[in-house]
1. (1) in contact with a Phe, Trp or Tyr (Cβ under 9 Å, 6 or more places away or on another chain); (2) aliphatic (A, V, I, L, M); (3) more than 24 Å from A:Val156 (Cα to Cα); (4) within 12 Å of chain B (Cβ to nearest Cβ): which one isn't true of A:Leu40, the others all being true?
2. Looking only at helices (runs of 4 or more DSSP H) that lie completely in the range B:26-85, which have at least 3 residues being in contact (Cβ under 8 Å) with a residue 24 or more places away in the chain?
3. With the requirement that a residue be farther than 30 Å from B:Asp355 by Cβ and not in a loop (DSSP other than H, G, I, E, B), what does the range B:7-25 give you?
4. So B:Tyr605 passes all but one of these: (1) more than 30 Å from B:Arg177 (Cα to Cα); (2) surrounded by fewer than 22 Cβ atoms within 10 Å (Cβ to Cβ). Which condition number does it fail?
5. Just one of B:Val775, B:Val805, B:Val819, B:Val798 is of a type in the set (A, V, I, L, M, F, W, C) and under 29 Å from B:Thr243 (Cβ atoms); which is it?
6. Can you find a residue that is facing another protein chain (nearest Cβ under 10 Å), in contact with a helix residue (DSSP H, G or I) (Cβ under 7 Å, 6 or more places away or on another chain) and either crowded, with 22+ Cβ neighbours inside 10 Å or not in a helix (DSSP H, G or I) (or both) anywhere in the range B:629-646?
7. Of all residues in the range B:458-478 being more than 14 Å from every other protein chain (Cβ to nearest Cβ) and in contact with a helix residue (DSSP H, G or I) (Cβ under 6 Å, 6 or more places away or on another chain), which is modelled with the lowest pLDDT?
8. Out of everything in the range B:267-302 that is assigned to a loop (DSSP other than H, G, I, E, B) and of a type in the set (Val, Ile, Thr), what residue ends up being farthest from B:Gly337 (Cα to Cα)?
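The values are calculated or read from the model by the stated rules, or taken from the named source; none is laboratory data. Please read all numbers here as calculations on a predicted model, not as lab measurements. When we count neighbours, we look across all protein chains shown, and the Cβ atoms used for this are built from the backbone with ideal geometry, even at glycine.
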Amino acid sequence: MAQPRILILRAPGANCDAEAAYAFQVAGGRSELLHVNRLLEAPGQLADYQILCVPGGFSYGDDIAAGRILANQIRHHLADCLQEFKATGKLILGICNGFQILLKSGVLLPLAADFSAPATLTWNASGKFEDRWAPLATVGSKSVFFAGIDTMYLPVAHAEGKFVPRGPQVLAELEANGQLVLRYGARPPAGAVPNMTASVPYPDNPNGSLGDVAGVCDTTGRICGLMPHPERHIDPTQHPRWTRGPLPAAGDGLRVFQNAVGYFR
Amino acid sequence: MLWEVDIYPVAGEPDRAGSAVAAAAADLGLADRLRVAAAHGYLIQGAIGEAQVGRIARELLVDSIVERSQIAPANDRRLIDAAAAGIGNGTSAAWQVVYVLPKPGVMDPVAQSALAAIADLDLKADAVRTLRKFWLADLSGETLAALCNKVLANDAIEQVVVGPLPFERLELGSPYRFQQVTVSLRDLDDQALIRLSREGQLYLSLVEMQTIQAHFRQLRRDPTDVELETVAQTWSEHCSHKTLAGRIAYRGPDGSRNFENMLKETIFAATREIRRSLGANDWCVSVFADNAGVIRFDETNNVVFKVETHNHPSALEPYGGANTGIGGVIRDPLGTGLGAKPICNTDVFCFAPPDTPPAAVPRGALHPRRVMQGVVAGVRDYGNRMGIPTVNGAIYFDPRYLGNPLVFCGNVGVIPHDKSFKEPKAGDYIVALGGRTGRDGIHGATFSSAELTHHSESLSGGAVQIGNAITEKMLLDVILQARDRGLYHAITDCGAGGFSSAVGEMGEKIGAEVWLDRAPVKYEGLTYTEIWISEAQERMILSVGPDQWDAFSALARSEGVEATIIGKFVATGRLQLKYGEHAVADLDMRFLHDGRPPVVREAVYTPPAERELHGGSARDANFTDTLTRILGSLNVASKHWVIRQYDHEVQGGSVIKPLVGLNNDGPSDAAVLRPLLASRRGIAVACGMNPRYGDFDTYHMATSAIDEAIRNCVAVGADPARIAILDNFCWGNTDRPQTLGSLVRAALACHDLAVALGTPFISGKDSLNNEFRFVDEAGHPQSIGIPPSLLISALGQVDDVSRCVTMDLKLSGNKIYLVGQTKNEMGGSHFALVHSLAGGHVPQVDAEIAAKTFAAVHRAIASGLVRACHDLSEGGLAAAMAEMAFAGGLGATIDVARAPHALGADPAIDAILLFSESNTRFLCEVSAASADAFERQLAGVPHAFLGSVTDRAVLEIVAGQRSLVSIDIAVAKAAWQAPLNWP
């Protein structure tokens, strides 16, 4: 296949769209920014793209709760076309606010009959917005986006990033399915089962996420959401300590976008 | 029907809002262990039933994994009675409920969003208002009142209701009935003119009032209210800078001078001289002309920079004041040329110490801890939501900022060369773009030019504005697209003075007709005058040609942003306002802009006589202890609590972050970022300020601030030949000749050093009358004036960011050099501060050596010879060395006796070498292999090898054989992080 097309979904208050578009471009894709209003007017155009990226930011100000309003818009008006997008084997990536939106809209994990989600992203244990870098480890091989990646060092920048499943059973199920694909801290030892606590201490687990979960994928591994920002670690000079050592060729986050683009090559 | 949805954390989730209230109550000595539970909620008005409200709660408002809700008709006992609401283990007796709601007319963005989202659920609500709610147990009426006033709510924007809500409907505003108001000005005597100026919040002088009176007597009519308001706003200090741009007769230690326009003859003049000497290589593009200064960046782009203050609003309502301060300054680059893309924010604050005893805070002033928390939250929420990284800042603490904090907000933007200028055309539409107009911020421009008093809170509550960052982000998205498609001729922001200021300035050379009834309003009932002078946020004015309008309005609509034609630029030379059929104002633009009588002021400056350091206690006792106390002093201490709350990396261009080093926690000298993701060309942003030096001589305070801002940029790798600077003068009441004199002296210093270093000022802003007046407990009038406070902000450039360096030590065995001369300059130092010493000599700048030093250090860094570089400022050599060591997780052993100095046998030589704050000094870490080359680059500049980096995790400072300081770097770091390590 030729160069895959990536739709970067803009919305009022989205603000990591340009750097997400740039990251996909460096990885060899063709990024296009599209306002959610255009997609609502003509949902069919989604079919023209291979990858949908919901970038970070504060969609609709995160008024009410992070990602809530755009998540509802997606659930009410775009559920069908997204279902089709999924069914045709395409990729969806939600970063930070995008993760919150994918989770709360049911795109990432199915909602219950009363539209309640099986897990949420809520206020950081610290109770405040924090920008800091976190060590990350991938678990399992389910996610297309993290193929071949063991560990990454990426920044988080959010107030509502604490992953909380609706009870231990949900967590156990996601774990059993291999969907808890990205964790804060070092790679957990083989056979370790995540529980309803944060076992990696602050600040390595920067928000108190239960099970130390930083990113989740759906049952196919083609839809993925994560709180850290891979698009902020493309150039090696973005690393907070690059002045201390030799400059590597690229930042850790680039692989995520190369994996996505490479999936269609 | 009015419904209320209350939302509480579920059992097991923390009650954060409640805990915050309990902590604040304890801080302020109001209640030791307050029993409090908090909720937030929504009032929803509409013809909907309980099941539908339940659906709204379930699908929109409540996150049932972490929250529970209580839904009932407003004032139902389930919402009022504690036990029924599930508070306090089934007992109701002790608990009281307190509601906090935004006052009618105050911006409530969450409610607006909720209203739209309810419609998206196919349900119809007529109005929504958010609320916060607190349950408080066992409180006396007095404590409850104090708590409401000092902790739970801010009277400037919120209403507090104890017990059930006193209304059953939400007010939606009532229709406005046009009524033209004329002010009988012509017959007033001087007393009445003064009274009108004060009571009408015009804040004009008698001479100015007389000038307006004479003008209308000549026209044989009285002005309308809106005409008078327009003149007052245009002539306000805030908008016209009449004091500093006015006539000043100055007498100082540097002689006497008569200025026609003080700013023009000092700061602007310096830039003119520098540009002339640069000739064809002049890299200034537009200075002191537009909303921000513009300089050349690369082959296609310029960069623009502006720093504003938002002091008075932040004193009254810290969150809203800082929020709209940053929102306002972002609109400056956005309103420069045809609109620059904002790429980073800077924020500098001045507060009274956060541990000020609550009893020492005068009536009408907020506690400095509350001010600081509110200001930081305000900047955080606006900057983060806009997606603009906040990369640089500083905080200065001094008791004299009590009641009058300073909040400096800055923004850098990038703009293509061919979009850097604008020109409105006669015949263009005047287009309002962005947010709607409301009653917010009335009289902000005139209010900010007056002194704060303990009445300000009630008098000027309307001057406080609340921002909505997402509205501004949407505005930004439209403007950059419209700019690139060439859909308008000019743009400016609505800041202080609102439409009045924006249209008045843009149409100054043409003439304008404005149709006020067409301006979109947030609610009904606004008078034509309120529409004209409202400082509602997130609005821009554009000059759009009739041939551009269709495409422009279609673009705005497609992004969900409101664009409205509110008038037309017409070649009449007049400002004409209409409301429907009615002409409500007709002013001559020349009178408006040039009719103000010149302000003539006396200025006198006599610096206090120089004395040696004296008083205080045990200054030579223990240098290790002194260093620890300096590191733990508020000005020097780590600001990580603030920095981490700002997104300093959004947009992806971050190169040098505000916190650097082995554990990402050392204090960087400046921020570096790449404005263009595909390029390695960067900008450096830094600042310099030291209000303590102003107590000695404002000349040297100013040169020290410039030196500091430049050396911070140079320390990370910026080219000193391409640094532009901004001035922000915040001073006390300049009606006093001494106070104005101290400012003029600082401006003269700015001129002299800027010219000597070839570092041009490109923009600036002043804020005068920063004093807080109140009546003390004994009934005596008191006044606290701020210390002279000059902020210098610097914008540097870096050819290749991969050559940048940070301040953390890198490798054991590397050599440590001190660059620059150390002098006996302990006046205003942190050494003097922690030992309560007075006197001493204030640091000065040797311009010739400074120019050579900056150039040499830059050459060394650009040649890759420097592994770490840190500027020396508060706390001098010892503090800088300690910071480098603990940031790098390495030790160092240095001998200060080797430092370049001419101190001879000064008995205090050890203390001076360790802690003097002499300017133009750097510490550099250099590998042994690079040492010779480094020394060659530094030839002709004072420098010395002091010692080496060690892996012992201890900082050892000796003078020859004598040990002066020995400190474990973990201990030093802990002392530095402790004071502001807030939860």
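1. With respect to (1) in contact with a Phe, Trp or Tyr (Cβ under 9 Å, 6 or more places away or on another chain); (2) aliphatic (A, V, I, L, M); (3) more than 24 Å from A:Val156 (Cα to Cα); (4) within 12 Å of chain B (Cβ to nearest Cβ), A:Leu40 is out only on (1).
2. The qualifying helices (runs of 4 or more DSSP H) are B:50-56.
3. Answer for the range B:7-25, where residues must be farther than 30 Å from B:Asp355 by Cβ and not in a loop (DSSP other than H, G, I, E, B): B:Ile7, B:Tyr8, B:Pro9.
4. Failed condition: (2).
5. Checking each option against the conditions leaves just B:Val775.
6. yes
7. Top of the filtered list is B:Ser460.
8. Only one residue tops the list, namely B:Thr300.
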